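Working notes, beginning with the structure itself.
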Amino acid sequence: MKNNIRVERAIKNITQADLAQAIGVSRQTINTIESNRYVPSTVLALKIARVFGKPVEEIFTLDEED
Amino acid sequence: MKSLFLFPYWGRYLGYFLVVVHIPIVLYKKQLMGMHGDSMADGIFNGRHLFFMSTTLLMAIGLFIAAFSKEKIEDEQIVRLRLDSLQWSVYVNFLFLIVSLIFSTDTEHILFLNLLVPLVFFIIRFRWKIFQNNRLIKE
């Protein structure tokens, strides 16, 4: 699964730490999601989407391998 | 994220403390035994058994608390890492168990190895992964 959290963060001008705090996870978790080393649960994906005010599909998209 | 059945955060330090404390006691006793010989009577609840039991319990409880205490921020990624590490430690433990069953008949030490390997390997693997994540965030 791919994601464009890094881009969305840049648009909103917030850091990994800000996003982590907003959804109640560690900075490490945001970092692992951004670098595609961890696939978040649906709950976490929805929370991230809510922070950016966009639907989940605009932030997370399926890969060819999925 | 709500994680069930975990000790509080400070449990890790209490656990390490117990493990560290048990090492000099065991070493000291070994020295004493070296002087007096290993000729104490066998059986249950004699001096030797009580000493073995108390030091082993100290270490086992220490490892147990250190392995299963909460992180500062408990989230789903940590839960995932913990489960992955547990799986790895069971694999490694069974590898050790099978190899030692084939090549050894020393059941007491096999038992002891089985007490140590899963938790020690789990702690090392879990800590290593967290360390890696922390290092990547700084780059």
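A few notes on this one:
Yes/no matrix, rows are residues, columns are (1) within 11 Å of the chain's Cα centre (by Cα); (2) within 21 Å of B:Asp84 (Cα to Cα); (3) in a loop (DSSP other than H, G, I, E, B):
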residue	(1), (2), (3)
A:Ala10	no, no, no
A:Gln21	no, no, no
A:Asn31	yes, yes, no
A:Arg37	no, yes, yes
A:Leu46	yes, no, no
A:Arg50	yes, no, no
A:Lys54	no, no, yes
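- So A:Arg6, is it part of a helix (DSSP H, G or I), closer than 16 Å to B:Leu136 by Cβ, at pLDDT below 95 and within 14 Å of chain B (Cβ to nearest Cβ): yes
- Flag for B:Val79 being more than 14 Å from every other protein chain (Cβ to nearest Cβ) and assigned to a helix (DSSP H, G or I): no
- Given (1) outside the structural domain of B:Tyr16 (by TED's automatic domain parsing); (2) surrounded by 12 or more Cβ atoms within 10 Å (Cβ to Cβ), index of the condition B:Phe64 fails: (1)
- Only residues that are closer than 15 Å to B:Pro118 by Cβ, touching a residue at least 40 places away in the same chain (Cβ under 8 Å) and surrounded by 16 or more Cβ atoms within 10 Å (Cβ to Cβ) were counted in the stretch B:67-88, giving 4.
- Selection from the stretch B:71-86 of residues that are farther than 21 Å from B:Gly15 by Cβ and within 16 Å of the chain's Cα centre (by Cα): none
- For the stretch A:27-63, filtered to residues that are over 21 Å from A:Thr15 (Cβ atoms) and within 12 Å of chain B (Cβ to nearest Cβ), the residue that is surrounded by the fewest Cβ atoms within 10 Å (Cβ to Cβ) is A:Thr42.
- Selection status of A:Lys12, more than 10 Å from chain B (Cβ to nearest Cβ), in contact with a helix residue (DSSP H, G or I) (Cβ under 7 Å, 6 or more places away or on another chain) and either surrounded by fewer than 16 Cβ atoms within 10 Å (Cβ to Cβ) or of a type in the set (A, V, I, L, M) (or both): yes
- Here B:Lys2 meets each of (1) assigned to a helix (DSSP H, G or I); (2) at pLDDT below 85 with one exception, condition (1).
- Among (1) surrounded by fewer than 14 Cβ atoms within 10 Å (Cβ to Cβ); (2) at pLDDT 90 or above; (3) farther than 30 Å from A:Thr42 by Cβ - the single one B:Met53 does not satisfy: (2)
Per-residue answers, yes or no, for (1) touching a Phe, Trp or Tyr at 6+ places or on another chain (Cβ under 9 Å); (2) within 30 Å of A:Gly24 (Cα to Cα); (3) not assigned by TED's automatic domain parsing to the domain that holds B:Tyr28:
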position	(1), (2), (3)
B:Leu58	no, no, no
B:Val92	yes, no, yes
B:Leu95	no, no, yes
B:Phe103	no, no, yes
B:Leu116	no, no, yes
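- A count restricted to the stretch B:96-139 and to residues that are surrounded by 11 or more Cβ atoms within 10 Å (Cβ to Cβ), over 20 Å from the mean Cα position of the chain (by Cα) and among the aromatic types (Phe, Trp, Tyr) stands at 0.
The values are calculated or read from the model by the stated rules, or taken from the named source; none is laboratory data. Just so you know, these numbers come straight off a predicted model, no measurement behind them. Positions of Cβ are generated from backbone atoms using ideal geometry, with glycine treated the same way; all protein chains shown enter the neighbour counts.
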